[in-house]
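J.: Dropping a structure here in structure tokens format, bear with me for questions.
A short reminder: the numbers here are calculations on the coordinates, not readings from a lab. No experiment lies behind these values; they were computed from the predicted model shown. Here the Cβ positions follow ideal geometry from the backbone for every residue, glycine too, while neighbour counts run over all protein chains shown.
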Amino acid sequence: MKSKIFGALILVIFAGCSFADDLQFAPRNADSITMPPNNAVSQTMLAGNKLITFRSWLDIPYVTNPVEPEYQRLNIYVPEEYFHDQSINGYTAKTAPILLPNGVGGYMPGKQLIPANDYRHGTPNISLAGLAHGFVVVTPAIRGRTLENGKAPALIVDYKAAVRWLRHNKANLPAGDTEKIISDGLSAGGALSSLLGATGNAKEYEPYLQAIGAADERDDIFASVVYCPITDLDHADMPYEWIFNGVNTYHMGPEREMNDAQKKASDELKTMFPAYLNSLGFKDYKLDESGNGTFKDFIESLYIASAQSALDKGKNLNGLDWVEIRNNKVTGVDLNKYAVWVTRMKAAPAFDALDNKSFENNEFGDKHFTQYSFNHSTAENPSMADENIIKLMNPLNFIGKADTAKFWRIRHGANDRDTSLAVPAILALKLRDSGCEVDLAAPWGVPHDGNYDLEELFTWLDKICK
Ligand code: DHB
């Protein structure tokens, strides 16, 4: 056993420093976006206590007219068993779902997510775990805001182009079912995963896809895995203040106090939220003018369920003044006290910053994307982003109108303050209203993070895929 592990370690080290370098930027004709023939490399890695052998195809261009060629390429990883007529976890070369995780964060360019052990969580990362569970793993690199050609809507255009590439090469793929494509991402990457899931085949993206030479194929997907999505950007400032109004210290970098303009923005955005929420037309979830009502009950119910599951696992929640417990049952949560306890991360407005200097302003080309912040801007010569581009960045505009994925798993940690829990909750409600199956939860103790519960995730994926 010892020698097996040692051998695997050598292979892992070898794989880590050698294969990727050998094949980086392999000179390949960008006019062709067909699956390259037999140039796969084989690797073996230890995933948990299991040795996983897989073949990799690296750096395949997925569009014919790349504007950022370093990014518009993907890797394919296929478990070795599928080359020997064997099955894994009930899947075969033909039926294996295709996991398409993205590595986008902070709306920055995202690199291919190479199978590896994730030392942060002490487990295999999503790509390696996918292989261990019998999935074909395809990891596109994706443009982001710091590239010359990487502003909105570049990231969703690239992700769609990768899906189209898979369908274009369906007959030549070594394995995988192109009707079972599953996106995955966290934070800005979670927003991206939700965009891909929501906007299948929406014609509004067509000119952008054509411009980069994406294949003329469908780009709808089967399921979306979404962690802490920084999404609904053009409305997310309001629910942030609905939660954090009254907490005036923020923790982006050093602890600071909001200034008077930011405090005023907090008060105003908070009072604007009920009208926005009610405009979404949820039959059973509404807010009155003061921000109370069934939607608030729904948000509280998510935190209550989270606290209850922690309690059931034996966690001691005594001393948390925002959680009300009677006879070992969580009977309520106080969102005002929660906001004080969890602390505010961002000054108001949290996304469309008054000084036009947030990640999201940068994503839109250093422009505002809400009327509120444009009207109250403190930037020199402020301007508004193109309304069509703002629209293309919001999955809510497409749910039920485009070919939206049927299955969704959405997670937002109970300690996450990068956006309000109301944001993923609204996404989930909108999806449910249009007939999607949505598994939504706010896991206890989890900050802004993703892919931390892979065993549960793959149990859910097996349920929807088999
Ligand atoms: C991310 C986090 C943020 O708080 C934000 O505003 C945008 C992106 C991220 O981690 O991807």
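J.: Roughly speaking, what is the stretch gain from Asn328 to Lys264, that is 0.36 nm per residue apart minus the C-alpha to C-alpha distance, in nm to one decimal?
T.: Length gained, Asn328 through Lys264: 19.0 nm.
J.: Multiply the residue gap between Asn172 and Glu289 by 0.36 nm, knock off their C-alpha separation, and tell me the result in nm, one decimal place.
T.: Contour length minus the Cα-Cα distance gives 36.4 nm.
J.: Right, another one. Angle check, please: helix 294-312 long axis (alpha carbons) against the longest principal axis of the chain (alpha carbons), in degrees 0 to 90, nearest 10.
T.: 60 degrees
J.: What is the dipole size for the stretch 237-349, taken about its Cα centre, with +1 at each Lys and Arg Cβ and -1 at each Asp and Glu Cβ, in debye to the nearest 20?
T.: Roughly 320 debye, rounded to the nearest 20.
J.: I would also like to ask the following. Could you work out how far the C-alpha centroid of the stretch 371-435 sits from that of the stretch 35-62, in angstrom?
T.: Here the answer is 35 Å between Cα centres.
J.: Which of Lys346/Lys367; Lys151/Lys357; Lys296/Lys367; Lys283/Lys401; Lys170/Lys466; Lys367/Lys391 have a Cα-Cα distance over 22 Å?
T.: Exceeds cut-off: Lys296/Lys367.
J.: Taking each pair of distinct Cα atoms in the stretch 220-283 once, what is the resulting Kirkwood hydrodynamic radius in Å?
T.: The Cα-based Kirkwood calculation yields 13.8 Å.
J.: Output the antiparallel fraction of DSSP beta bridges having both residues in the chain, as a percent to the nearest 5.
T.: Antiparallel bridges: around 55 percent, rounded to the nearest 5.
J.: Can you give me the Kirkwood hydrodynamic radius for the stretch 351-393, using every pair of distinct Cα atoms, in Å to one decimal?
T.: 9.9 Å
J.: What's the longest bit of the chain with no exposed chymotrypsin sites (Phe, Trp or Tyr not before Pro), using DSSP loop states and at most 12 other Cβ atoms within 10 Å as the test?
T.: 120-466
J.: Above 40 Å lies some portion of the pair distances; for the chain, what is it as a whole percent of all C-alpha pairs?
T.: Looking at the chain, the distances longer than 40 Å represent 21 percent of pairs.
J.: Let me ask something else about it. Return the lysines within reach of Lys463: Cα separation strictly under 19 angstrom, same-chain partners fewer than 8 residues apart disregarded; answer none if there are no such residues.
T.: Once the sequence-local lysines are set aside, what remains near Lys463 is Lys94, Lys180, Lys406.
J.: Mean separation of Cα pairs under 8 Å and 6+ residues apart, divided by the residue count of the chain: what relative contact order is that in percent?
T.: 14 percent
J.: Please go through the stretch 79-156 and write out the GluC sites (Glu not before Pro) that DSSP classes as loop and that have at most 11 other C-beta atoms within 10 Å.
T.: Glu148
J.: Round to the nearest 10 and give me the degree value, 0 to 90, for the angle of helix 2-14's Cα axis relative to the longest principal axis of the chain.
T.: 80 degrees
J.: Now for a different question. Nearest 500 deg cm²/dmol is fine: what mean residue ellipticity at 222 nm does the chain get from its DSSP H runs of n ≥ 4 alone, each adding -39,500 (n - 2.57), divided by its residue count?
T.: Helix contribution divided over all residues of the chain: -9500 deg cm²/dmol.
J.: Between Asn89 and Arg218, how many nm apart are label points set 7 Å from Cα along the C-beta direction?
T.: Each label point lies 7 Å from its Cα, and together they span 2.4 nm.
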